[in-house]
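First the structure, in the form of structure tokens, and then the observations on it.
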Amino acid sequence: MNKKLFLSLLLFFITSPIFANSAVVFMYHRFAEAKYPSTNITLEQFKYQLDYLESNNYNVWSLSKIINYINNKQTLPPKTVALTIDDAYLSVYTNAYPMLKSKNFPYTVFVNTNSIDYKSKNYMSWNMMREMQNNGAEFANHSLSHEYLLPKVDETNEVWEKRFRNEVEKAQQRLQEELGDDTNKNPKLFSYPFGEYNLKMTQVLKELGYIGISQVSGAIGENSDMLALRRFPMAEAYATKSGFKTKLNTLVMPIESVSQKEPVIKQGTSPKLRLKLKEPLKNLRCFISSGEVIELKWLSKTEIEITANKPIKPPRDKYTCTAPAGNSKWYWYSHLWIVK
């Protein structure tokens, strides 16, 4: 092989999206609980997904392993995936756990510890979690009470911060008391209840040494915000075969900067979001959660301004932007808005 051809092939492999340093994280809540369709996945859907990951040789890793790779600037192998579950509902143990155990897949469960301590019949027990720990599960922090943790209208900053720190630190204490001193320590993970956060919360989490986990869709990688890592929700409506495979084939959108990092906005507004890309992208399109297309204003070949055509409706919505990345893959970026 001549030198010119070798260098061309090397450049292709380095720059090809297939080899981009990305991972995809999925988020689940309930399993075979049909009366909660917005947070439930059917067992048929879940079985299809696990079978697909196994038969197509995906690297199913714990979320903590993926994050440690990113933080240590290690290259993630292609086709790396994490499975995460919020709230520790009983159906995780009765329905999901046997299926995950049979595949020998690791997974991460975020626990709101009061529900366990109060022995709610809808949630797992500490004994169940200890059993699961021995079979691929890792457990992480989802707050003490699973309350809304954004500042309340009548709350001073001092009162709010004390409340938020208590929610994080007391839950961590209970996890370690019940599941071992090493639980959720390397790294420390915190999943925001209801997916809601603001910049004050991320600053406190950073001080406490946590990685913040959101419910905003998108792949994660070396340039991801470690205080608001992204996951793809997998409830019934989003867990179709085609939807699952599309999200498996997503990559981190090459964004250099974002103008509006504060997700909390006033009611009745259409927030402007400006993205500066690292490189021009063809056929980039943006949508709100309903699927309605947002008109884009191109400020340059690599800078766009995104504004919804009408005010964002409470309580939450997203701007989601996608662009083809080649090799049947998609760049994907979502931006959360919380209406208060």
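The values are calculated or read from the model by the stated rules, or taken from the named source; none is laboratory data. Note that the structure is a prediction, hence the values are computed from the model and not measured. Note that each Cβ is placed from the backbone with ideal geometry, even for glycine, and that neighbours are counted across all protein chains shown.
Just a few scattered comments:
- Test result for Ser64, surrounded by 15 or more Cβ atoms within 10 Å (Cβ to Cβ), in a loop (DSSP other than H, G, I, E, B), at pLDDT 95 or above and assigned by TED's automatic domain parsing to the domain that holds Ala171: no
- When segment 96-113 is filtered for residues that are assigned to a helix (DSSP H, G or I) and touching a residue at least 40 places away in the same chain (Cβ under 8 Å), the ones remaining, listed by number, are Ala96, Tyr97, Met99, Leu100, Lys103, Thr113.
- Scan segment 130-142 for residues that are crowded, with 23+ Cβ neighbours inside 10 Å and either part of a helix (DSSP H, G or I) or among the aromatic types (Phe, Trp, Tyr) (or both) and the total you get is 2.
- Qualifying residue in segment 280-293 (condition: under 19 Å from Thr80 (Cβ atoms), among the aromatic types (Phe, Trp, Tyr), touching a strand residue (DSSP E or B) at 6+ places or on another chain (Cβ under 8 Å) and modelled with pLDDT of 95 or more): no
- If the condition is being outside any strand (DSSP E or B), within 17 Å of Glu262 (Cβ to Cβ) and either free of Cβ contacts under 8 Å to residues at least 60 places away in the same chain or touching a Leu at 6+ places or on another chain (Cβ under 6 Å) (or both), then segment 201-227 contributes Met201, Thr202, Gln203, Val204, Leu205, Lys206, Val216, Asp225, Leu227.
- Answer residue from segment 129-159, given it is of a type in the set (A, V, I, L, M, F, W, C) and touching a residue at least 40 places away in the same chain (Cβ under 8 Å) and is farthest from Thr202 (Cα to Cα) among those: Met129
- Some residue of segment 109-129 being assigned by TED's automatic domain parsing to the domain that holds Tyr58, exposed (fewer than 15 other Cβ atoms within 10 Å of the Cβ), within 30 Å of Asn59 (Cβ to Cβ) and at pLDDT 95 or above: no
- Candidates Lys276, Lys297, Lys261 - the one that is charged (D, E, K, R), outside any strand (DSSP E or B) and outside the structural domain of Ala237 (by TED's automatic domain parsing): Lys261
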